[in-house]
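Quick notes on the structure that follows.
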Amino acid sequence: MKMEIASTVRARLRGLLGRSDYEGVLMLVPCHDIHTFGMRRPLDVAFVTRDGTIIESHRNVPPRRRLHNRQAAATLERFSDGSWWFRPGDRIGKDEKLSVG
């Protein structure tokens, strides 16, 4: 699975906006709050703790929505495509902590 990390303010603000053909997952770090304003397609979103545990997951989030989870250190997002997506309890980066500043 292709994953891009958005760790600057500018990259996190842009997110997937304007990337209608992006294939892969975008990790916004640090991030605990996202919106889908300006999106033309639904998103799959997962909130991740510092140790890489998925704590909340959403599928097919439509445009003009806002999601947040104060416990999250990062957020994963992609354009919904009906394939497998993370669920609470899944882990990413098993041996590394997420950098949050």
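The values are calculated or read from the model by the stated rules, or taken from the named source; none is laboratory data. Quantities reported herein were computed from a predicted structural model and do not represent experimental measurements. Every residue, glycine as well, gets a Cβ built from its backbone with ideal geometry; the counts of neighbours run over all protein chains shown. For accessibility, only protein heavy atoms count, side chains too; no ligands or nucleic acids. Shrake-Rupley method; radii C 1.70, N 1.55, O 1.52, S 1.80 Å.
Observations on the model:
- Ranked by how many other beta carbons lie within 10 Å on average, peptides 37-47, 18-28 from highest: 37-47, 18-28
- The chain, accessible area per residue, ligands and nucleic acids excluded (1.4 Å, Å²): 62
- Signed unit charges on C-beta, dipole axis of the chain, positive-most listed residue H58, F86, L13: L13
- Integer Hz, Karplus 6.51/-1.76/1.60 couplings in order for segment 33-39, x for Gly and Pro: 8, 10, 9, 10, 5, x, 6
- Gained length - R40 relative to K2, 0.36 nm times residue gap less alpha-carbon distance: 11.6 nm
- Over the chain, the reciprocal of the mean inverse Cα-Cα separation, the Kirkwood hydrodynamic radius, stands at 13.4 Å.
- R70 paired with W84, simple spin-label distance in nm, labels 7 Å along Cα-to-beta-carbon: 3.4
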